[in-house]
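Working notes, structure below.
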């Protein structure tokens with residue numbers, strides 16, 4: 001106890017505790033961009049020039065804005081895939097793998113079921129993607145409840161398995177015979193493609209996270225089940241004594257989370273790639289996980305954090321094209337933003 | 001029949017090499033967890049060690065300097081975690097995971113000019129007499145120097161944890177920060193030291209991977225070995241000796257996969273690539289129940305058991 005008090009005192013000295021959370025988060029973001037700017041200067045890039053180019057390539061043009069929107073789709077969906085299980089105290093670090101399996105399942109429908117009607121095909125792909133992601137996440141919750149395997153480890157490791165699983169198909173049975181040996185599936189028929197706004201890549205898949213965020217928000221804040229989820233996440237034993245079926249909540253939260261990550265996979269293949277290939281995601285699911293933590297698992301705040309990460313990622317692509325910086329370097333900035341937001345935010349809680 | 005024998009002996013020979021890097025990372029994670037913290041940034045620290053170990057070896061021509069640089073880089077990354085979780089009380093799992101991506105970003109940038117280069121790095125040293133033992137001799141005693149250090153480190157850490165003052169303090173902090181504090185220990189300093197030491201070992205593992213095993217550097221080359229290490233600590237019930245078993249099991253899975261590929265097993269190579277991860281998940285499914293009882297008290301809030 002005494003130790004805890006020493007810690008409290010040490011922490012409360014350093015910071016201004018009166019600023020509201022919003023302002024503090026913005027300060028945290030500015031701090032992260034400043035540190036990254038210093039890093040850019042050290043490696044010999046002009047930070048002002050780099051940030052200006054990032055702005056131009058993202059929010060400064062119509063194409064840029066639409067690209068940010070395109071990236072936000074998987075971030076919001078895989079973000080929810082972490083947020084919803086987090087409400088019941090589960091940590092889902094498997095959004096990346098669930099996205100891959102969702103993309104795989106949606107692709108299976110697109111390749112092998114010729115519905116001949118876009119109104120049947122796209123929902124069928126979405127359902128397949130959702131089920132695929134949900135079942136993949138289900139393995140983790142099964143291992144947890146039957147065998148006491150911590151879900152952090154099982155979801156982390158299953159990401160690598162999922163990526164290889166997709167490779168088995170795109171390098172094997174699903175490989176396009178007329179694809180010059182490239183590991184791609186055949187291109188989808190028009191009925192399996194999410195229509196895009198003319199002149200951009202921003203596609204109708206945007207509806208998915210929009211609906212999912214609103215539905216999650218209403219469910220969590222306006223229903224008894226949402227309140228129960230919080231109770232399960234807070235103290236499962238107390239929740240069980242109050243008659244809440246804890247196990248059912250854990251399973252459903254994980255399945256829905258995995259399903260939403262699976263939808264992100266469907267949206268990627270049907271909206272952007274129009275076929276399945278290896279490495280379709282390149283860490284989208286991991287970014288979603290970070291977006292969820294930045295947002296404190298709040299579905300509305302998640303819109304903002306997904307937007308921020310999307311700007312950084314698209315801006316990173318711009319910097320890569322204009323020379324010098326590999327796009328993976330943007331992970332440094334995203335990490336800094338998360339560290340700052342987590343680090344700044346806790347102080348506010350200490351003050352209460 | 002002879003194919004099966006060939007695969008089996010090949011798996012044994014191939015188990016040690018790929019296991020060493022994971023073994024170091026597992027030791028490192030184990031020390032951190034014994035002090036009551038968990039570091040998902042171990043994967044990131046391994047990448048840092050692999051990348052900077054490689055770069056420094058290329059630039060100086062000295063593998064020892066490279067190994068040292070790898071340890072420093074791994075420890076440096078983990079100190080970010082130490083600061084955030086100890087002084088800012090951030091969530092350990094989210095912070096550690098973000099740290100892994102952060103490390104992936106740094107190494108992708110720093111190592112971009114070193115991809116596709118091959119170096120001598122660390123070479124196997126055959127131990128006279130021992131390496132001539134049939135079957136196991138070559139597997140165990142024709143390895144690089146870091147492998148021999150890794151064999152010794154398991155028992156050393158075990159003795160250190162149980163029979164030295166430092167080890168006792170470490171475990172006390174891992175069981176209860178408040179009690180350790182009341183007993184006159186400084187929990188913050190001990191945890192920071194444990195995290196830095198664990199990060200250094202993960203970095204050492206990464207350096208062994210790029211300098212001793214592959215002799216190359218490529219972006220994201222650890223492909224989850226750091227996360228495997230976190231799983232192996234649980235499988236190993238927080239004991240360095242059992243951790244050795246786990247790490248060689250992982251190495252064996254890689255050895256088996258390579259052997260099956262060599263003999264041309266009629267399976268997709270990607271299915272074989274899944275083997276190491278599946279085997280770790282499988283052994284965890286079998287032993288996690290028992291392992292949960294051995295968990296340090298300080299971890300129970302983070303790795304909550306089944307409800």
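The values are calculated or read from the model by the stated rules, or taken from the named source; none is laboratory data. Computed from a predicted structure; not experimentally measured. Cβ sites come from the backbone with ideal geometry, for glycine too, and all protein chains shown count toward neighbours.
Assorted remarks:
- Selection within region B:100-117 - more than 7 Å from chain A (Cβ to nearest Cβ) and in a helix (DSSP H, G or I): B:100, B:103, B:107, B:110
- Looking across A:265, A:233, one residue alone is in contact (Cβ under 8 Å) with a residue 12 or more places away in the chain, away from every other protein chain (no Cβ under 14 Å) and under 25 Å from the mean Cα position of the chain (by Cα). It is A:265.
- Considering the conditions (1) within 18 Å of residue B:29 (Cα to Cα); (2) touching a strand residue (DSSP E or B) at 6+ places or on another chain (Cβ under 7 Å), residue B:124 is excluded by exactly one of them, (1).
- Within the span defined as region B:82-92, every residue fails to be under 16 Å from residue B:221 (Cβ atoms) and in contact with a helix residue (DSSP H, G or I) (Cβ under 9 Å, 6 or more places away or on another chain).
- Residue in region A:304-311 that is more than 9 Å from every other protein chain (Cβ to nearest Cβ) and in a loop (DSSP other than H, G, I, E, B) present: no
- One residue from A:157, A:146, A:90 being within 22 Å of residue B:231 (Cα to Cα), within 14 Å of another protein chain (Cβ to nearest Cβ) and more than 21 Å from the chain's Cα centre (by Cα): A:146
- Residues that are surrounded by 21 or more Cβ atoms within 10 Å (Cβ to Cβ) and more than 18 Å from residue A:283 (Cβ to Cβ) occur in region B:106-122; there is at least one.
- Members of region B:121-150 that are under 21 Å from residue B:204 (Cβ atoms), without any contact (Cβ under 8 Å) to a residue 40 or more places away in the chain and part of a helix (DSSP H, G or I): B:141, B:145, B:148, B:149
- Any chance residue A:70 is assigned to a helix (DSSP H, G or I), touching a strand residue (DSSP E or B) at 6+ places or on another chain (Cβ under 9 Å) and surrounded by fewer than 24 Cβ atoms within 10 Å (Cβ to Cβ): yes
- Of all the criteria given as (1) touching a residue at least 12 places away in the same chain (Cβ under 8 Å); (2) within 14 Å of chain A (Cβ to nearest Cβ); (3) buried (at least 23 other Cβ atoms within 10 Å of the Cβ); (4) in a helix (DSSP H, G or I), the one not satisfied by residue B:222 is (4).
- Total residues in region A:165-176, condition touching a helix residue (DSSP H, G or I) at 6+ places or on another chain (Cβ under 8 Å) and surrounded by 23 or more Cβ atoms within 10 Å (Cβ to Cβ): 1
- Residue check, residue A:220 away from every other protein chain (no Cβ under 14 Å), surrounded by 13 or more Cβ atoms within 10 Å (Cβ to Cβ) and touching a strand residue (DSSP E or B) at 6+ places or on another chain (Cβ under 9 Å): no
- Any hit, region A:166-175, residues being modelled with pLDDT of 95 or more and under 30 Å from residue B:303 (Cβ atoms): yes
- Pick from region B:173-189, criterion touching a residue at least 12 places away in the same chain (Cβ under 8 Å) and surrounded by fewer than 22 Cβ atoms within 10 Å (Cβ to Cβ), ranking: nearest to residue B:83 (Cα to Cα): B:188
- Extreme residue, surrounded by the most Cβ atoms within 10 Å (Cβ to Cβ), among residues of region A:313-327 that are in contact (Cβ under 8 Å) with a residue 12 or more places away in the chain and within 11 Å of chain B (Cβ to nearest Cβ): A:316
- Output for region B:259-274, where each listed residue is assigned to a helix (DSSP H, G or I) and surrounded by fewer than 19 Cβ atoms within 10 Å (Cβ to Cβ): B:261, B:262, B:269, B:271
- A residue that is in contact (Cβ under 8 Å) with a residue 60 or more places away in the chain, away from chain A (no Cβ under 14 Å) and surrounded by 23 or more Cβ atoms within 10 Å (Cβ to Cβ) occurs nowhere in region B:79-88.
- Assessment of region B:195-216 against the conditions (within 14 Å of chain A (Cβ to nearest Cβ), in contact with a helix residue (DSSP H, G or I) (Cβ under 8 Å, 6 or more places away or on another chain) and more than 23 Å from residue B:157 (Cβ to Cβ)) yields no matching residue.
- Being surrounded by fewer than 24 Cβ atoms within 10 Å (Cβ to Cβ), more than 14 Å from every other protein chain (Cβ to nearest Cβ), farther than 29 Å from residue B:102 by Cα and in contact with a helix residue (DSSP H, G or I) (Cβ under 9 Å, 6 or more places away or on another chain) is true of residue A:204.
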